[in-house]
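The values are calculated or read from the model by the stated rules, or taken from the named source; none is laboratory data. Being a predicted model, the structure only gives us computed values, none of them experimental. Positions of Cβ are backbone-derived with ideal geometry, glycine not excepted, and every protein chain shown enters the neighbour counts.
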């Protein structure tokens, strides 16, 4: 591989990472414009609970975000105080707490999805269906390559 080819690849990767940071900043700004009193991790927790059907154990949430159960307990206490989640004992295993997103929490999730769509449509404006399909295939290949590289090099990927 030529030195120029290596530089071009590195430049592309840096541009992808910059695009990711820009997208992230735009999503954050858009979500914050809704006026929710949430920080990123609280918001991500509500989104996760919605995605898994509205309820999960505290351990599942801690594992998903790779944080300690104590950190999740604190986060959930904050969300519970705001009325966004409820904790209840699992009827199948009384040692386990289930966290359920409330109607108020689901309203945040719904409004957030609208903002995500708005940002994503803005980002992909002007791309044809064929270009989007090609981009999707390229990203799938790159993801598979990175997973293979990670596995070969002992990198844990969630």
By residue number, the members of the stretch 29-49 that are part of a helix (DSSP H, G or I), surrounded by 12 or more Cβ atoms within 10 Å (Cβ to Cβ) and over 12 Å from the mean Cα position of the chain (by Cα) are 30, 31, 32
message: Any residue that is more than 16 Å from residue 45 (Cβ to Cβ), at pLDDT below 95 and either in contact with a helix residue (DSSP H, G or I) (Cβ under 6 Å, 6 or more places away or on another chain) or assigned to a loop (DSSP other than H, G, I, E, B) (or both) - is there at least one of those in the stretch 137-153?
response: no
Among the residues of the stretch 93-103, the number that are over 14 Å from residue 53 (Cα atoms) and loosely packed, with under 13 Cβ neighbours inside 10 Å is 3
TODO: For the stretch 119-127, state whether one or more residues are exposed (fewer than 11 other Cβ atoms within 10 Å of the Cβ), modelled with pLDDT under 95 and assigned to a helix (DSSP H, G or I).
DONE: no
**Asked** Going by the conditions given, is residue 79 buried (at least 16 other Cβ atoms within 10 Å of the Cβ) and farther than 27 Å from residue 157 by Cβ?
**Response** yes
When residue 92 is run through (1) within 30 Å of residue 32 (Cα to Cα); (2) assigned to a loop (DSSP other than H, G, I, E, B), the failure sits at (1)
If we ask which residues in the stretch 30-76 are under 17 Å from residue 108 (Cα atoms) and in contact with a strand residue (DSSP E or B) (Cβ under 9 Å, 6 or more places away or on another chain), their number turns out to be 8
In the stretch 1-20, anything more than 17 Å from residue 138 (Cβ to Cβ) and surrounded by fewer than 10 Cβ atoms within 10 Å (Cβ to Cβ) is listed as 1, 2, 3, 4
Only one of 134, 112 is surrounded by 12 or more Cβ atoms within 10 Å (Cβ to Cβ), assigned to a helix (DSSP H, G or I) and at pLDDT 95 or above, namely 134
All conditions in (1) out of contact with any strand residue (DSSP E or B) (no Cβ under 8 Å at 6 or more places or on another chain); (2) part of a helix (DSSP H, G or I) are true of residue 80 except (1)
